[in-house]
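Student: Below you'll find the structure I mean.
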Amino acid sequence: MLKTWVVIASFIFCFFPVFLARAAPQNPDLTDPQLVINLPSRTLELYAGNRLIKRYPVAIGKPSTPTPLGNYYITIKEVNPAWYPPDSPGTVVSSGPHNPLGYRWMGFLPTYGVHGTNNPDSIGLVVSNGCIRMYEPDVEELYEVVRVNTPLRIIYERVRVGIDYQNRAYIAVYPDVYGWQSVSISDVRVKLRPHNWNNWVDDSAISRMIEAADDKEYVFLQFHHLVVNGKLLPDKVQISTDGLLVPIQSIAEAVKASITWDEASSQIKVGSRFFRGVRKDGSLYAAPESIPVLFGGTQQINSSQGALGVEIISLTLNGKPVAGDFPLRREIPLLPVLTIGEALGQKAIWDEKTKILIANNKVVPIQVIENKPYLAINQVYSYFGAYVYWDEAARIIDLTYPFHEPDGD
């Protein structure tokens, strides 16, 4: 409405309403509030700096009286505004149920503002004389947060990509409400490119979204946090039509392991171990089952926290990585004896039937796990003469061999 200036997706490709269901901001002193109104989506977004706080549905100007694009500021705030009908000069409609401005007004141009409404069914439509209508509870909530001089930006953006509050990546293509902007597949891909998401959605799916232009958010990826040895990594686990995929390079860097990619066989290799993977946007991914195969260790999904926890103990000999499984027993890491003997150049004799292992003419007190002999790290020096340093925080076992006792004074 015009106001005369008198008193100044299965989760994959499922869709969801574009209006974010999030608790309202209760702090009237919200730091650095900013407003963004996107006309094709008919939404008003409240930001604190660059952080999206809440998205509200709104009604906007009809094609014959479009809402003006541009950068503005809230110049006036008014409770219980009067309305001066533009087609009836001299008429004043006081605040009340017959006033189409509702009970709050936040002006940004002499005859344009954000206000409430006595016609809630109009919200989400293209029907006003250019002003921005909001549900009355929404505008009263926003009024308490917004101050005079709050920046307001009005844009015309038909394609949005982003991550919602449930950690899901979405694409939304909105209708061309004013006939101002066409959308192509390449336009959508331009939006996806900064996120490295172009390989996660195909052209046919994008084409269907453009054809529909139906105000839906199409979810094509879901994310879990990735925690390795208690440390949150920046890269995330991806859930797509390919299932749950783990960023293997991130794990390798975290545990200081060296990996290679065999393009011909689509296999990720760590030493002599390998597992089938996939390369997307320059990064290597594989199923969670690849973790114990490639790195040893364990992995567990915590759905309630949206996280994949990975526990990997790595081993180095004189600073060089040694591949193997290193399980914990009573918080003490165990080393695979045959692997250690080979790495140290010491022969170990293992009888699978009797479960007896001999190294350096000594019977080694092993622990058998899945028919393989293991030795606690605190016994490695006694039977193999290698010095062991266990960095529990970093989950790294470092062997030094040969080890020479320091000379005394």
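So that you can scan it fast, the table gives a plain yes or no per residue for (1) at pLDDT below 90; (2) among the small types (Gly, Ala, Ser); (3) surrounded by fewer than 17 Cβ atoms within 10 Å (Cβ to Cβ); (4) touching an Asp or Glu at 6+ places or on another chain (Cβ under 9 Å):
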| site | (1), (2), (3), (4) |
| --- | --- |
| ALA257 | yes, yes, no, no |
| TRP261 | no, no, yes, no |
| SER265 | no, yes, yes, no |
| GLY282 | yes, yes, yes, no |
| THR298 | yes, no, yes, yes |
| ILE301 | yes, no, yes, no |
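Student: What is the residue count in the stretch 186-213 for residues that are over 18 Å from ALA286 (Cβ atoms) and surrounded by 14 or more Cβ atoms within 10 Å (Cβ to Cβ)? Give the steps one after another, and end with the answer.
Tutor: So in the stretch 186-213, the residues over 18 Å from ALA286 (Cβ atoms) come out as 186-195, 197-198, 201-213.
Subsequent filtering for residues that are surrounded by 14 or more Cβ atoms within 10 Å (Cβ to Cβ) retains 187-189, 191-192, 195, 197-198, 201, 205-206, 209-210, 213.
Qualifying residue count for the region: 14.
Student: Test GLY306 against the stated conditions and say whether it is assigned by TED's automatic domain parsing to the domain that holds GLU253, crowded, with 21+ Cβ neighbours inside 10 Å and out of contact with any Gly (no Cβ under 8 Å at 6 or more places or on another chain). I'd like the intermediate steps shown before the answer.
Tutor: Details: assigned by TED's automatic domain parsing to the domain that holds GLU253: yes; crowded, with 21+ Cβ neighbours inside 10 Å: no; out of contact with any Gly (no Cβ under 8 Å at 6 or more places or on another chain): yes.
For GLY306, the condition - assigned by TED's automatic domain parsing to the domain that holds GLU253, crowded, with 21+ Cβ neighbours inside 10 Å and out of contact with any Gly (no Cβ under 8 Å at 6 or more places or on another chain) - is not met.
Student: If I ask for residues that are closer than 15 Å to ILE340 by Cα and either modelled with pLDDT of 95 or more or not in a strand (DSSP E or B) (or both), which ones from the stretch 361-372 would you list?
Tutor: VAL364, PRO365, ILE366
Student: Another one. Quick one: which of GLU342, GLU289 is on the phi < 0 side of the Ramachandran plot, more than 36 Å from the chain's Cα centre (by Cα) and not small (Gly, Ala, Ser)? Let's see the steps before the verdict.
Tutor: On the way: GLU289 fails: more than 36 Å from the chain's Cα centre (by Cα).
Only one candidate passes the filter, namely GLU342.
Student: Residues in the stretch 104-116 that are outside any strand (DSSP E or B) and modelled with pLDDT of 95 or more: how many?
Tutor: First pass over the stretch 104-116, keeping only residues outside any strand (DSSP E or B): 110-111, 116.
Going one step further and asking which of them are modelled with pLDDT of 95 or more, we end up with 116.
Residues that pass the stated criteria total 1.
Student: Select from the stretch 295-311 the residues that are among the hydroxyl-bearing types (Ser, Thr, Tyr) and part of a loop (DSSP other than H, G, I, E, B) and list them in ascending order. If you could, list the steps in order and put the result at the bottom.
Tutor: First, the residues of the stretch 295-311 that are among the hydroxyl-bearing types (Ser, Thr, Tyr): 298, 303-304.
Scanning the stretch 295-311 gives SER303, SER304.
Student: Moving to a separate point now. Look through THR91, THR67 and report the one residue that is within 24 Å of ASN149 (Cβ to Cβ) and part of a loop (DSSP other than H, G, I, E, B).
Tutor: Exactly one of THR91, THR67 is within 24 Å of ASN149 (Cβ to Cβ) and part of a loop (DSSP other than H, G, I, E, B), namely THR67.
Student: On to the next question. Of the numbered conditions (1) at pLDDT below 90; (2) in a strand (DSSP E or B), ASN199 satisfies every one except a single condition; which is it?
Tutor: Here ASN199 meets the rest and fails (2).
Student: Say we look at the stretch 219-253 and pick out the residues that are touching a Phe, Trp or Tyr at 6+ places or on another chain (Cβ under 8 Å) and more than 27 Å from ALA172 (Cα to Cα); which of these is surrounded by the most Cβ atoms within 10 Å (Cβ to Cβ)?
Tutor: Once the filter is applied, the top-ranked residue is ILE251.
Student: Just to be sure I understand the filter: pairs with C-beta atoms under 7 Å, separated by 6 or more residues or on different chains, first member in the stretch 69-95 and assigned by TED's automatic domain parsing to the domain that holds MET106 and more than 14 Å from HIS115 (Cβ to Cβ), second member surrounded by fewer than 11 Cβ atoms within 10 Å (Cβ to Cβ) and hydrophobic (A, V, I, L, M, F, W, C). Which pairs pass?
Tutor: Every condition considered, no pair remains.
Student: While we're on this one: Hey, any hits in the stretch 331-347 for a residue that's of a type in the set (D, E, K, R), surrounded by 17 or more Cβ atoms within 10 Å (Cβ to Cβ) and closer than 30 Å to PRO247 by Cβ?
Tutor: Checking the stretch 331-347: not a single residue is of a type in the set (D, E, K, R), surrounded by 17 or more Cβ atoms within 10 Å (Cβ to Cβ) and closer than 30 Å to PRO247 by Cβ.
Student: Filter the stretch 28-58 down to residues that are closer than 20 Å to GLY179 by Cβ and of a type in the set (Val, Ile, Thr) and give me whichever is surrounded by the most Cβ atoms within 10 Å (Cβ to Cβ). Spell out the reasoning first.
Tutor: Initially, the stretch 28-58 is screened for residues closer than 20 Å to GLY179 by Cβ, giving 37-43, 58.
Narrowing further to those that are of a type in the set (Val, Ile, Thr): 37, 43, 58.
Details: ILE37: 23, THR43: 21, VAL58: 28.
Here the residue is VAL58.
Student: Now, a different point. Regarding the stretch 336-356, can at least one residue be identified that is in a strand (DSSP E or B) and among the small types (Gly, Ala, Ser)? Even if it seems obvious, please write down each step before you answer.
Tutor: In the first step, residues of the stretch 336-356 are kept if they are in a strand (DSSP E or B); the result is 336, 348-351, 356.
Subsequent filtering for residues that are among the small types (Gly, Ala, Ser) retains 348.
For the stretch 336-356, residues in a strand (DSSP E or B) and among the small types (Gly, Ala, Ser): present.
Student: Additional query: Out of everything in the stretch 88-101 that is out of contact with any Leu (no Cβ under 9 Å at 6 or more places or on another chain) and within 15 Å of CYS131 (Cβ to Cβ), what residue ends up being surrounded by the most Cβ atoms within 10 Å (Cβ to Cβ)?
Tutor: Within the stretch 88-101, the subset out of contact with any Leu (no Cβ under 9 Å at 6 or more places or on another chain) is 88-92, 94, 96-101.
Then keep just the ones that are within 15 Å of CYS131 (Cβ to Cβ); that gives 99-101.
Numbers: ASN99: 20, PRO100: 19, LEU101: 25.
It comes out as LEU101.
Student: Restricted to the stretch 59-86, and to residues that are of a type outside the set (Gly, Ala, Ser) and within 11 Å of ILE154 (Cβ to Cβ), which residue is surrounded by the most Cβ atoms within 10 Å (Cβ to Cβ)?
Tutor: Here is the first cut: in the stretch 59-86, the residues of a type outside the set (Gly, Ala, Ser) are 60, 62-63, 65-69, 71-81, 83-86.
Pick out the ones that are also within 11 Å of ILE154 (Cβ to Cβ) and you get 60, 66-69, 71-72.
Working: ILE60: 27, PRO66: 18, THR67: 24, PRO68: 13, LEU69: 14, ASN71: 10, TYR72: 18.
If we take residues in the stretch 59-86 being of a type outside the set (Gly, Ala, Ser) and within 11 Å of ILE154 (Cβ to Cβ), then ILE60 is surrounded by the most Cβ atoms within 10 Å (Cβ to Cβ).
The values are calculated or read from the model by the stated rules, or taken from the named source; none is laboratory data. No experiment lies behind these values; they were computed from the predicted model shown. Ideal geometry is used to build each Cβ from the backbone, glycine not excepted, and the neighbour counts take in all protein chains shown.
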